[in-house]
Amino acid sequence: MTIPSGSIGEKAEAFLDDAESALDNGDPETAIDLCSQALAIAPRHPGAHFVQGDAYRLLGRLEDAADSYRFAALAQPEHASSWASLSLTLFELLEMENAQRAADRAIREAPQNPEGWWVRGLLREWLGDANGAHRAFAHARWLDPVAFPFPPTLTDEEIEQIISDALRELPDALKTYLSNVAIILEDLPPAKVLSSYDPPASPVELLGFFSGHSIMEQNSADPWSQIPPTVVIYRRNIERHARHREELIRQLRMTLFHEVGHFLGLNEAELAERGLE
């Protein structure tokens with residue numbers, strides 16, 4: 001990143017170094033504060049905006065992250081990583097057209113930037129272009145096989161068997177309740193499901209979805225509450241969260257039990273207490 005010259009630049013860079021250290025130590029709040037101090041000295045410092053974007057992302061503040069990455073990219077247009085990070089953040093905010101423009105810009109500025117190709121793969125996948133997605137993911141892997149490996153996969157039959165085995169482990173009383181719950185396997189979450197969250201759920205982070213009434217909400221006097229609930233498992237996102245087959249199976253089981261927990265009426269905090277985050 002280009003930095004201002006002289007003592008002012010040195011002071012800003014010192015704050016930025018400390019911010020990067022805070023980020024490495026898992027303290028994004030401190031990183032944001034240090035970046036703000038750097039920007040008070042050098043308001044157009046692209047590195048400070050970029051690191052601040054990374055910190056906002058860790059906190060789930062995606063709109064703030066997008067603003068920071070955009071400022072970094074405009075301040076130093078040749079920095080492909082700013083465009084790539086902006087593209088990924090816009091993708092998670094469901095701003096697909098703008099995400100595509102930013103990914104294209106990242107690749108144009110630096111054809112060897114693996115993150116730009118990876119985000120392009122996500123966008124192609126979202127649009128239903130399986131071949132284009134595969135080519136983009138393959139290019140990202142070729143450029144950086146450690147950061148962007150091909151994820152492990154399971155066949156539909158293997159997934160169905162794993163789900164059946166997991167359900168058999170549950171108590172008989174619970175299995176009786178679950179007999180009326182449809183468990184569906186889909187590749188990716190649709191925009192309608194993502195937008196049902198506030199703020200919208202990430203299209204790469206949502207692993208499963210429960211729709212319908214929980215056991216606690218079902219009421220014989222309310223016919224709508226008697227409609228059979230549904231658990232949906234999003235296989236592509238689960239695959240992306242695993243580095244090997246065993247980890248994939250664990251994540252699949254955890255996602256299943258997480259959504260079953262919602263059927264039982266547990267909220268996110270209660271699921272986290274049970275290790276089902």
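The values are calculated or read from the model by the stated rules, or taken from the named source; none is laboratory data. Not measured: the values here are computed from a predicted model. Here the Cβ positions follow ideal geometry from the backbone for every residue, glycine too, while neighbour counts run over all protein chains shown. Surface accessibility is based on the protein's heavy atoms, side chains included, excluding ligands, DNA and RNA. Shrake-Rupley method; radii C 1.70, N 1.55, O 1.52, S 1.80 Å.
Where does the chain land at 222 nm, in deg cm²/dmol rounded to the nearest 500, when only DSSP H runs of n ≥ 4 count, each adding -39500 (n - 2.57), divided by all residues?
One gets -19000 deg cm²/dmol as the mean residue ellipticity at 222 nm.
For Cα pairs less than 8 Å apart in space and 6+ apart in sequence, what is the mean separation divided by the residue count of segment 74-175, i.e. the relative contact order in percent?
Dividing the mean separation by the residue count of segment 74-175 yields 19 percent.
Before I look further, what does the chain give for accessible area per residue, probe 1.4 Å, in whole square angstrom?
Here the per-residue accessible area is 53 Å².
Between rounded, prolate and oblate, where does segment 87-152 land on the alpha carbon gyration tensor, with a ≥ b ≥ c its root eigenvalues, rounded for a/c under 1.5, else prolate if a/b exceeds b/c? Before the final figure, lay out each step's value.
Working: a/c = 1.75, a/b = 1.24, b/c = 1.41.
Taking the square roots of the gyration eigenvalues as a ≥ b ≥ c, segment 87-152 is oblate.
What angle, in degrees between 0 and 90 and rounded to the nearest 10, separates the Cα long axis of helix 62-75 from the longest principal axis of the Cα atoms of the chain?
Long axis of 62-75 versus the principal axis of the chain: about 30 degrees.
With θ set to phi - 60° and the Karplus curve 6.51 cos²θ - 1.76 cosθ + 1.60, what are the ³J(HN,Hα) couplings of segment 188-198 in order, to the nearest whole Hz, using x for Gly and Pro?
These are the phi-based 3J(HN,Hα) values: 9, x, x, 4, 4, 5, 4, 6, 6, 8, 10 Hz.
Relative to the compact-globule scaling 2.2 N^0.38 Å, provide the ratio for the alpha-carbon radius of gyration of the chain.
Working: Rg = 21.8 Å, N = 277, 2.2 N^0.38 = 18.6 Å.
Taking N as the residue count of the chain, the ratio is 1.17.
Among Ala72, Gln52, Pro28, pick out the residue whose Cα is farthest towards the positive end of the charge dipole of the chain, where Lys and Arg carry +1 and Asp and Glu carry -1 on C-beta, about the Cα centre.
Ala72
Using amide H atoms built 1.01 Å from N in the peptide plane, name the residues 5+ places from Glu205, or on other chains, whose amide H lies under 5 Å from its own.
Close amide H contacts, sequence-distant or interchain: none at all.
For Ala191 and Ala138, compute 0.36 nm times the residue count separating them, minus their Cα-Cα distance, and round to one decimal in nm.
16.5 nm
How do the peptides 138-146, 102-110, 45-53 rank, highest first, by the average count of neighbouring beta carbon atoms within 10 Å per residue?
Packing proxy ranking, top to bottom: 45-53, 102-110, 138-146.
Determine, for each peptide in 86-96, 169-179, the mean count of other beta carbons within 10 angstrom over its residues, then list the peptides with the highest first.
86-96, 169-179
Using the Karplus curve 6.51 cos²θ - 1.76 cosθ + 1.60 with θ = phi - 60°, work out ³J(HN,Hα) for each residue of segment 134-143 in order, rounded to whole Hz, and write x for Gly and Pro.
4, 5, 5, 4, 5, 5, 4, 5, 4, 6
Compactness ratio of segment 12-108: Cα Rg over 2.2 N^0.38 Å, N = residue count?
1.01
Could you tell me how many degrees, from 0 to 90 and to the nearest 10, lie between the Cα long axis of helix 156-168 and the main elongation axis, the longest principal axis, of the Cα atoms of the chain?
Tilt of helix 156-168: around 60 degrees.
Taking every DSSP beta bridge with both residues inside the chain, roughly what % is antiparallel (nearest 5)? If you can, show how the numbers build up before the last one.
Numbers: 4 of 9 bridges.
Approximately 45 percent, going by the DSSP bridge assignments.
Using R₀ = 22 Å, calculate the FRET efficiency as 1/(1 + (r/R₀)^6) where r is the Cβ-Cβ separation of Thr230 and Leu127; round to 0.05.
So the FRET efficiency works out to roughly 0.30.
What ranking of Thr153, Thr255 comes out by heavy-atom accessible area, probe 1.4 Å, highest first? Spell out each step's value before the answer.
Details: Thr153 85, Thr255 10 Å².
In descending accessible area the options line up as Thr153, Thr255.
Under a Cβ-only charge scheme (Lys and Arg +1, Asp and Glu -1), can you give me the dipole magnitude of the chain about the Cα centre, in debye to the nearest 20? Show your work: numbers first, answer last.
Working: 23 positive and 44 negative charges, 152 e Å.
The dipole of the chain has a size of about 720 debye.
What is the set of long-range amide H partners of Leu185 at a cut-off below 5 Å, with H atoms built 1.01 Å from backbone N?
Those lying under 5 Å, H to H, from Leu185 are Ile233.
Suppose R0 equals 35 Å; then what is the FRET efficiency for Leu170 and Ser21 from their Cβ-Cβ distance, rounded to the nearest 0.05? Mind showing how you got there, number by number?
Details: r = 46 Å, r/R0 = 1.31.
Efficiency computed from Cβ-Cβ geometry: 0.15.
Using θ = phi - 60° and the Karplus form 6.51 cos²θ - 1.76 cosθ + 1.60, what ³J(HN,Hα) does each residue of segment 115-124 get, whole Hz, x for Gly and Pro?
The phi angles translate into 5, x, 5, 5, 5, 4, x, 4, 5, 4 Hz.
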